[in-house]
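To keep things clear, I will list the structure first and then write my remarks on it.
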Amino acid sequence: MQKEINTQIHINASREKVWQVLTDFESYGQWNPFVRSITGEVEKGNRINVVLGPQGSRPMTFKPTVLVFDEEREFRWLGRMFFPGIFDGEHIFQLKENGDGSSVFVHREKFRGLLVGLMAKKLDTEILAGFESMNRSLKHRVEQGGELVF
């Protein structure tokens, strides 16, 4: 079974500025309502610690492997529940330059595995809402600066 969540948001800032905020992992607690924290050495091939979950839910901790960390372009990891094929999630952040000084933040995830069908409703509601909330918060943080109250 496979499923994908795909969101994006226009940000009135350069890809460089968005990347700076997106990769300032120590500040996530100040603005990010979905990905609560990322710790560890974030580089291709490394395992990191990710705590995520929409506001109002109990956050989950994963130890995904970084697949891509391409400065100002893409950050991608693969997380697995238990072992491969049960519930795998390839989480993707991409930045696209618009040519007018603004950029597009693409936030998506590809889910695969036996439990995807059982989780479909939660993915389509809570997880999608979490992605969209993070997107809006990132836009606010980049364009306005400062902290958000969520």
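What follows draws every value from the coordinates through simple rules; no lab data is involved. Computed from a predicted structure; not experimentally measured. In this analysis, Cβ positions are derived from the backbone assuming ideal geometry, glycine residues included, and neighbour counts consider all displayed protein chains.
Structure summary
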quantity: Flagged links, alpha-carbon separation over 25 Å, of 63/110; 44/110; 17/63; 17/121; 63/96; 3/63; calculated: 17/63; 17/121; 63/96
quantity: Rounded if a/c under 1.5, otherwise prolate or oblate - the range 64-142, Cα gyration tensor axes; calculated: oblate
quantity: Under DSSP loop assignment and at most 10 Cβ neighbours within 10 Å, longest GluC sites (Glu not before Pro)-free interval of the chain; calculated: 44-150
quantity: Dipole magnitude of the chain about its Cα centre (Cβ charges: Lys, Arg +1; Asp, Glu -1), debye to nearest 20; calculated: 580 debye
quantity: Gaussian network model of the chain, springs between alpha carbon atoms under 10 Å - residue of 93, 62, 82 with greatest fluctuation; calculated: 82
